[in-house]
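**Q** A single structure is presented below for examination.
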Amino acid sequence: MVLSRTASRKNTFGRASLPTGLSPPLLEVEWRFRRETESYRIHYADPNTGFNCGWHRDEDHPDLGSVQFQCEHRSTGESDRTRAEFTKSVPTEILWTALHRLFKTTIPAYTSNR
């Protein structure tokens with residue numbers, strides 16, 4: 001299942017105010033269940049700033065574990081991947097935790113460094 005959502009022209013995503021620009025940011029949520037393996041992707045991208053980040057549970061970076069947080073800054077060319085974890089295991093709880101981190105910590109930290 002893949003869900004995509006863009007913010008309105010007012011640059012709000014739910015209750016979070018996003019200082020972006022004319023093009024709305026995009027939030028993609030994808031969950032896949034294959035046999036006993038669960039994978040997901042919760043990814044945010046802002047076309048105005050080039051900033052994108054997300055939590056990915058996959059086998060792409062085994063050195064970082066099953067869940068990684070990746071962040072890319074197109075304007076600076078910086079890219080970073082780190083090990084991540086969620087204490088919850090239910091998909092909706094993981095999603096709410098990721099969104100809380102995104103809007104309360106990740107985006108404010110990025111925009112304060114600009």
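The values are calculated or read from the model by the stated rules, or taken from the named source; none is laboratory data. As the structure is a computational prediction, the values presented were derived from the model and not from experiment. Please note: Cβ atoms are built from the backbone with ideal geometry, for glycine as well, and neighbour counts cover all protein chains shown.
**Q** Find the residue count for the range 57-84, including only residues that are out of contact with any strand residue (DSSP E or B) (no Cβ under 6 Å at 6 or more places or on another chain) and of a type in the set (D, E).
**A** Counting residues in the range 57-84 that are out of contact with any strand residue (DSSP E or B) (no Cβ under 6 Å at 6 or more places or on another chain) and of a type in the set (D, E) gives 4.
**Q** Output the residues belonging to the range 8-57 that are more than 14 Å from the chain's Cα centre (by Cα), of a type in the set (D, E, K, R) and modelled with pLDDT of 75 or more.
**A** R32, R34, R35, E36, E38, listed by residue number.
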